[in-house]
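Take a look at the structure below.
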Amino acid sequence: MAKAPKIVISHRLHEDGMKVLEDAGAEVVIVGSGEPADMLPYLKDADGVIIRIGSIDKATMEQCPNLKAIGRPGVGVDSVDVKGATELGIPVVIAPGANTRSVAEHAMAMIFACAKNMLVCDHEMRKGNFGIRSEYKAYELYGKTLGLIGCGHIGKILAELATGIGMKVLVYDPFLKQETVEGWGYGYRADMKDILKEADAISVHTPLTPATKNMIDEPELKLMKPTGILVNCARGGIINEAALCKALKENWIQAAATDVVVHEPIHVDDPLFQLDNIIVTPHMAGQTKEAASGVATLAAEGVLAVIRGERWDKVCNPDAYNHGRWQK
């Protein structure tokens with residue numbers, strides 16, 4: 001009888017994902033931490049690992065000779081040494097498409113909340129300041145321009161939501177051709193600076209890479225309109241947080257909203273929490289009931305498939321299948 005696969009999980013998955021592992025008869029270890037040092041004692045004889053929150057580097061992988069698959073319940077892999085995994089022949093399983101609508105809706109909700117000045121008004125109402133209604137900072141989104149920095153699956157859904165309420169859409173994405181974007185009915189800008197200057201609300205939807213780290217810094221924030229809104233439901237680090245704090249304090253822009261920060265979980269003393277014109281949510285855009293079920297299920301199914309020796313297609317590093325261990 002074949003030995004049950006051992007799968008280490010940084011944090012418990014949605015119950016639907018856990019059921020996939022249970023039905024497969026897997027031995028599951030939930031560490032409660034995604035720190036490599038904390039996971040390593042359990043990983044040394046594991047067949048697979050699924051990381052909800054945390055990271056894994058090549059040095060850790062090299063100490064785990066049985067490790068065959070790394071799973072991420074989502075599409076962000078900046079916390080995984082993908083190059084190292086590929087060199088070791090370990091596919092990194094992702095869950096594309098399972099949470100795209102949830103993230104797009106979250107970004108749209110943030111844009112609405114910022115445009116209507118909801119956070120400030122809520123705080124002031126709780127202090128008895130009914131007169132906050134007369135500051136007239138809230139504005140309509142109809143006829144305004146949404147600027148998308150990155151327009152993959154999430155960006156496209158957000159663009160559809162925005163056009164549904166009468167917004168215009170501009171797209172900056174170096175991986176898309178102008179004719180493609182214009183074929184969707186949106187404006188194309190080859191320079192991100194033009195998006196920053198023209199858009200009323202800007203939403204970021206790019207991965208975190210060396211090229212996108214601090215892509216929006218002080219010079220970029222100064223290009224935005226004083227009534228501008230900046231939303232980030234992608235990855236912490238794409239927007240320089242110190243520069244964003246300065247922009248919000250000095251009113252270079254009207255408001256911001258972020259679902260992601262550089263250091264997660266964020267500390268209660270973080271400077272972002274000292275501002276009343278930013279909304280901060282706990283990396284939950286893709287954590288709706290539907291999305292959490294979808295990403296957990298896909299990650300679990302994919303990791304199990306790879307452990308069985310199947311060439312699962314939903315991986316971010318298909319070159320891993322070229323490794324010698326896959327030729328046997």
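Which residue out of 304, 298, 272 is of a type outside the set (Val, Ile, Thr) and either surrounded by fewer than 20 Cβ atoms within 10 Å (Cβ to Cβ) or in a loop (DSSP other than H, G, I, E, B) (or both)?
Residue meeting the stated conditions: 272.
Under the condition of being part of a loop (DSSP other than H, G, I, E, B) and open to solvent by 30 Å² or more (accessible area, probe 1.4 Å), which residue from the stretch 80-97 is nearest to residue 309 (Cα to Cα)?
Restricting to residues being part of a loop (DSSP other than H, G, I, E, B) and open to solvent by 30 Å² or more (accessible area, probe 1.4 Å), the top hit is 88.
Please give the number of the condition residue 224 fails out of (1) out of contact with any Gly (no Cβ under 8 Å at 6 or more places or on another chain); (2) of a type outside the set (Ser, Thr, Tyr); (3) crowded, with 18+ Cβ neighbours inside 10 Å; (4) within 29 Å of residue 83 (Cα to Cα).
Condition (4) is where residue 224 drops out.
Being under 22 Å from the mean Cα position of the chain (by Cα), buried (at least 17 other Cβ atoms within 10 Å of the Cβ) and over 26 Å from residue 116 (Cα atoms), is that true of even one residue in the stretch 227-235?
no
Residue check, residue 247 against (1) assigned to a helix (DSSP H, G or I); (2) of a type in the set (A, V, I, L, M, F, W, C); (3) in contact (Cβ under 8 Å) with a residue 60 or more places away in the chain, all met but one. Which one?
Of (1) assigned to a helix (DSSP H, G or I); (2) of a type in the set (A, V, I, L, M, F, W, C); (3) in contact (Cβ under 8 Å) with a residue 60 or more places away in the chain, only one is false for residue 247: (3).
Is there a residue being surrounded by fewer than 17 Cβ atoms within 10 Å (Cβ to Cβ), at pLDDT 95 or above and not in a loop (DSSP other than H, G, I, E, B) anywhere in the stretch 2-12?
Scanning the stretch 2-12, I find no residue that is surrounded by fewer than 17 Cβ atoms within 10 Å (Cβ to Cβ), at pLDDT 95 or above and not in a loop (DSSP other than H, G, I, E, B), so the answer is no.
Pull out all pairs, ordered by first then second residue, where Cβ-Cβ is under 7 Å, the residues are six or more apart or on different chains, the first lies in the stretch 70-91 and is closer than 20 Å to residue 326 by Cβ, and the second is of a type in the set (Lys, Arg) and buried (at least 19 other Cβ atoms within 10 Å of the Cβ).
Within 7 Å, the pairs are 80/72; 90/68.
Of (1) open to solvent by less than 50 Å² (accessible area, probe 1.4 Å); (2) modelled with pLDDT under 95; (3) part of a loop (DSSP other than H, G, I, E, B), residue 309 satisfies all except one. Which?
If we test residue 309 against (1) open to solvent by less than 50 Å² (accessible area, probe 1.4 Å); (2) modelled with pLDDT under 95; (3) part of a loop (DSSP other than H, G, I, E, B), just (2) comes out false.
Within the stretch 193-216, restricting attention to residues that are of a type outside the set (A, V, I, L, M, F, W, C) and closer than 18 Å to residue 141 by Cα, which residue is least open to solvent (accessible area, probe 1.4 Å)?
Per the stated criteria, the residue is 203.
Scan the stretch 247-263 for residues that are under 20 Å from residue 109 (Cβ atoms) and either of a type in the set (D, E, K, R) or modelled with pLDDT under 95 (or both) and jot them down. Break it down into steps so the answer makes sense when it comes.
The first filter runs over the stretch 247-263 and keeps only residues under 20 Å from residue 109 (Cβ atoms), leaving 248, 253-261.
Of everything in the stretch 247-263, just one residue is under 20 Å from residue 109 (Cβ atoms) and either of a type in the set (D, E, K, R) or modelled with pLDDT under 95 (or both), namely 259.
When only residues in the stretch 139-187 that are out of contact with any strand residue (DSSP E or B) (no Cβ under 6 Å at 6 or more places or on another chain), aliphatic (A, V, I, L, M) and under 19 Å from residue 117 (Cα atoms) count, which is most open to solvent (accessible area, probe 1.4 Å)?
165
Can you tell which of 150, 128 is small (Gly, Ala, Ser), touching an Asp or Glu at 6+ places or on another chain (Cβ under 6 Å) and either under 25 Å from residue 280 (Cβ atoms) or at pLDDT below 95 (or both)?
So the residue among 150, 128 that is small (Gly, Ala, Ser), touching an Asp or Glu at 6+ places or on another chain (Cβ under 6 Å) and either under 25 Å from residue 280 (Cβ atoms) or at pLDDT below 95 (or both) is 150.
Do you know which of the residues in the stretch 50-71 that are open to solvent by less than 20 Å² (accessible area, probe 1.4 Å) and under 20 Å from the mean Cα position of the chain (by Cα) is farthest from residue 153 (Cα to Cα)?
Among residues in the stretch 50-71 that are open to solvent by less than 20 Å² (accessible area, probe 1.4 Å) and under 20 Å from the mean Cα position of the chain (by Cα), the one farthest from residue 153 (Cα to Cα) is 56.
Kindly indicate whether residue 253 is closer than 16 Å to residue 203 by Cα and out of contact with any Gly (no Cβ under 9 Å at 6 or more places or on another chain).
When the stated conditions are applied, residue 253 does not pass them.
The values are calculated or read from the model by the stated rules, or taken from the named source; none is laboratory data. The model shown is predicted, which means the values in this text are computed figures rather than measured ones. So basically every Cβ, Gly included, is an ideal-geometry build from the backbone, and we count neighbours across all protein chains shown. Just the protein is used for accessible areas: all its heavy atoms, side chains included, with ligands, DNA and RNA removed. Shrake-Rupley method; radii C 1.70, N 1.55, O 1.52, S 1.80 Å.
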